[in-house]
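Data block below; observations after.
Readers should treat all values here as calculations from the given coordinates under stated rules, not as data from a laboratory. Every value quoted in this text rests on a predicted model; they were computed, and no experiment measured them. Counting neighbours? That spans all protein chains shown, and the Cβs are built from the backbone with ideal geometry, glycine included.
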Amino acid sequence: LEAAAALGHPAVDGGTYVAVIPLVASPPTPVPVVEYYHPGLGHYFISGLPGDIAALDSGALKGWTRTGKSFKAFAEAVSGTNPVCRFYLPPDNGDSHFYSASPAECQAVVDRYGADWQLESPEVFVVALPEAASGACPADTVPVYRVFNARRDANHRYVTSATIRGQMAAAGWIAEGYGPDAVAMCSPAAP
């Protein structure tokens, strides 16, 4: 600017100053992770991936319908979050999916069940993990509970409602997660 002023540029004179304000990136907007149910299988499935949601909503994947339940997640890494891995159990073994936001748990599934559970993706969405001992979620997040049907055709359901989690447990599903409330992951609170 001094050079422009020295050259007599009309837009800049000796008393004009320009402030440069750095842009601060706003945090990414959470995306919905939508829940589906297949009555023929008695299985639940969740996804925040647009391709999955389009295929399920269009009927390209037969038998699945929205339950009306969902929770939020990030599509990309945000400070204080972890990627959620997704495993697939082929039809011969149960035709199901498993999700975890714990890198250690994702690796444990590979190590223990790698012959059966196929890693579909190391990151299908991103959420926070609860504190291991207490199950407490970080500020501005809500608990996501995981329940397991304990059948040979293994299936898990992921819900933010403690009431639904309790109903599933009363029907024989097993609560899995951290702390006394068995919290599996922490979803961003709805904006």
Restricting region 43-80 to residues that are under 13 Å from VAL31 (Cβ atoms) and in a loop (DSSP other than H, G, I, E, B), the residue that is farthest from the chain's Cα centre (by Cα): VAL78
Sole residue being touching a strand residue (DSSP E or B) at 6+ places or on another chain (Cβ under 8 Å), free of Cβ contacts under 8 Å to residues at least 60 places away in the same chain and in a strand (DSSP E or B), chosen from TYR145, TYR158: TYR145
Residue in region 182-189 that is closer than 17 Å to GLY94 by Cβ and either outside any loop (DSSP other than H, G, I, E, B) or without any contact (Cβ under 8 Å) to a residue 40 or more places away in the chain (or both) present: no
Residue tally, condition in contact (Cβ under 8 Å) with a residue 12 or more places away in the chain and of a type in the set (D, E, K, R), over region 22-79: 5
